[in-house]
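Have a look at the structure below, then the notes.
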Amino acid sequence: MTTPNQDEIIGRVADLLGVSEGRVRADVPLADLVSDSYRLVEMAIELQDDYDVIFSQADLSAVTTVGDLADLVRSRAG
Amino acid sequence: MALADDERWLLSYYRTSEINGSLFFGRLARALKPSPIQHDLTKHFADEAQHAWYWTDCLNRLGTRPVKLSEAYQDQYLEAVGLPANLMEIMAITLVFERRVINQYAKHLSVPDLRVEVKETIGRIMEDERWHVQWVRDALTGMEERFGKDHITDTLRRYKEADQEVYAHTLAEHEARLGFLLAPNHTEPEDRG
């Protein structure tokens, strides 16, 4: 499996959160996009399923922005 | 005899915790791709919703209504251990939590002169809870190759330690309300954790 690029992952995050891609940029804090912390857990599970990667609790707690999340997926998929 | 305020509060607390569990597992069941875990999680979510109904009905049969509570046990849990980030961590926290639920309900069952409505309700719920522990334990065993057996064991240990802290904190916070569960003539059920 090839490593997904950042734009692709950001597009998938927008899909999963049901928000327009225009609102989801690398520098946007995830907290501005998710309605509650459970939504963040759901999205993390779906991303791991989609890209066949694993995040730990420590990985996710270090994520602040959409770009951080995309980098995490890329680092695990690479 | 009317249900005491403390017992009404506790049954309502159980109800709220069952609702929160159901909502979380329902959302997760919706997010997962088809798999044996998705299958069992969907049943688990349906059970928790049913348990919330059992408590609602039990309170009604006891001549009262649930107290509206904004917080459930799970909220304190996640605050203490942090958000789980992958399916293994979710299964591990669920296993620890389900064992806590079984212990708590067993403790409640051993209260002297327990009302028959409460006893019946806990009995019905306990049948499902045993299956919850079983399927989650099996799911974790199935994850050993992907996550590592030692890592799963460490995760369970970390969550169990957090659970003990949260439970002690909950008992201390609601000591006055839970006094009837802690009466001196009340035998503590063995730790099933």
| Hey, does segment B:14-21 have a residue that's in contact with a Ser or Thr (Cβ under 9 Å, 6 or more places away or on another chain) and of a type in the set (Lys, Arg)? | yes
| query | In this structure, is B:Leu171 open to solvent by less than 90 Å² (accessible area, probe 1.4 Å), under 27 Å from B:Glu71 (Cβ atoms), part of a helix (DSSP H, G or I) and at pLDDT 95 or above? | reply | no
| said: Just to be sure I understand, how many residues within segment B:110-119 are surrounded by 14 or more Cβ atoms within 10 Å (Cβ to Cβ) and touching a residue at least 60 places away in the same chain (Cβ under 8 Å)? | reply: 3
| said: Please pick out the residue among A:Ser35, A:Ser20, A:Ser61, A:Ser56 that is away from every other protein chain (no Cβ under 11 Å) and under 23 Å from B:Val81 (Cβ atoms). | reply: A:Ser35
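Let's see how each residue does on (1) aromatic (Phe, Trp, Tyr); (2) within 17 Å of the chain's Cα centre (by Cα); (3) under 16 Å from B:Glu127 (Cβ atoms); (4) assigned to a helix (DSSP H, G or I):
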{"position": "B:Tyr13", "(1), (2), (3), (4)": "yes, yes, no, yes"}
{"position": "B:Glu18", "(1), (2), (3), (4)": "no, yes, yes, yes"}
{"position": "B:Ser22", "(1), (2), (3), (4)": "no, yes, no, yes"}
{"position": "B:Glu48", "(1), (2), (3), (4)": "no, yes, yes, yes"}
{"position": "B:His51", "(1), (2), (3), (4)": "no, yes, yes, yes"}
{"position": "B:Leu59", "(1), (2), (3), (4)": "no, no, no, yes"}
{"position": "B:Glu71", "(1), (2), (3), (4)": "no, yes, no, no"}
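For segment B:11-24: of the residues being within 11 Å of chain A (Cβ to nearest Cβ) and in contact (Cβ under 8 Å) with a residue 40 or more places away in the chain, which is nearest to B:Ala52 (Cα to Cα)? First the steps, then the outcome.
If we filter segment B:11-24 for residues that are within 11 Å of chain A (Cβ to nearest Cβ), which is where we start, we get B:20, B:23-24.
If we keep only those that are in contact (Cβ under 8 Å) with a residue 40 or more places away in the chain too, we end up with B:20, B:24.
Numbers: B:Asn20: 9, B:Phe24: 14 Å.
Taking the candidates together, the pick is B:Asn20.
Which one is surrounded by the fewest Cβ atoms within 10 Å (Cβ to Cβ) among residues in segment A:44-59 that are among the aliphatic types (A, V, I, L, M) and outside any helix (DSSP H, G or I)?
Going residue by residue through segment A:44-59, those that are among the aliphatic types (A, V, I, L, M) are A:44-45, A:47, A:53-54, A:58.
From what is left, the residues that are outside any helix (DSSP H, G or I) are A:53-54.
Details: A:Val53: 19, A:Ile54: 15.
Going through the qualifying residues, I end up with A:Ile54.
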| query | Does B:Pro36 satisfy the criteria of being surrounded by fewer than 17 Cβ atoms within 10 Å (Cβ to Cβ) and at pLDDT 95 or above? | reply | yes
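Out of curiosity, is B:His44 in contact (Cβ under 8 Å) with a residue 40 or more places away in the chain and either assigned to a helix (DSSP H, G or I) or under 26 Å from B:Val116 (Cα atoms) (or both)?
Working: in contact (Cβ under 8 Å) with a residue 40 or more places away in the chain: yes; either assigned to a helix (DSSP H, G or I) or under 26 Å from B:Val116 (Cα atoms) (or both): yes.
Criteria met by B:His44.
Just for helices (runs of 4 or more DSSP H) wholly inside segment B:78-153: which have at least 1 residues that are more than 14 Å from every other protein chain (Cβ to nearest Cβ)? First the steps, then the outcome.
Numbers: elements: B:87-109, B:116-142, B:144-147.
It comes to B:87-109, B:116-142.
The values are calculated or read from the model by the stated rules, or taken from the named source; none is laboratory data. A quick note: this is a predicted structure, and the numbers were derived from the prediction, not measured. No Cβ is skipped: glycine too gets one built from the backbone with ideal geometry, and neighbour counts run over all protein chains shown. All accessible areas refer to the heavy atoms of the entire protein, side chains included, with ligands and DNA or RNA removed. Shrake-Rupley method; radii C 1.70, N 1.55, O 1.52, S 1.80 Å.
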